[in-house]
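Note sheet for the following structure.
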Ligand SMILES: [Zn+2]
């Protein structure tokens, strides 16, 4: 019924949160729910092959990957692949002018990843344009187990030659 790009954090078990069973959700997770190339391709598979009509980018409260991105002075201490992932979050936060507010950063990170999907994938953007796909960002609250829906992604113009 949907694909989810979520964080690998063990406190955010996607199928349990949505009370779904086997075969209901196509779930892709990494630290910080970052839309790196492999994740974009994974979600393209869900849409192209499984005809999933909805992608939810599910961020969460007190995300460790986002917290790390707020401490860019430590980026060079991380192994290269992890530094790339955290560095992507850091660049998105920097572009939004977010420096110290972790909850604001977590919300922005989910929205940014959702927008990144439309901004980098020709396939996903085409499905948004045709109305066959919706991409939503959400934030899971670890304390009260509630979801905040953060908004839908609009199709992008000019996505066709991008990455
Ligand atoms: Zn997280």
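Scanning segment 2-26 for residues being without any contact (Cβ under 8 Å) to a residue 60 or more places away in the chain and outside any loop (DSSP other than H, G, I, E, B) gives a total of 10. Evaluating residue 131 against the criteria (1) surrounded by 11 or more Cβ atoms within 10 Å (Cβ to Cβ); (2) modelled with pLDDT of 95 or more leaves one unmet condition, (1).
Each residue in segment 47-68 was checked for being away from the ligand (no atom under 16 Å from the Cβ) and closer than 21 Å to residue 88 by Cβ, and 1 pass. Among residues of segment 42-63 that are under 20 Å from residue 147 (Cβ atoms), those with a beta-carbon under 6 Å from a residue that is within 16 Å of the ligand (Cβ to nearest atom) and in a helix (DSSP H, G or I) at least six positions away or on a different chain give the pairs 57/110; 57/113; 57/114; 59/106; 59/109; 59/110; 63/106.
Taking segment 1-45 as the search range and keeping residues that are closer than 21 Å to residue 122 by Cα and modelled with pLDDT under 95, which one is farthest from the ligand (Cβ to nearest atom)? Going through the qualifying residues, I end up with 37.
The values are calculated or read from the model by the stated rules, or taken from the named source; none is laboratory data. Nothing here was measured: the structure is a model prediction, and the numbers come from that model. Cβ coordinates were reconstructed from backbone atoms using ideal geometry, including for glycine residues, and neighbour counts include every protein chain displayed.
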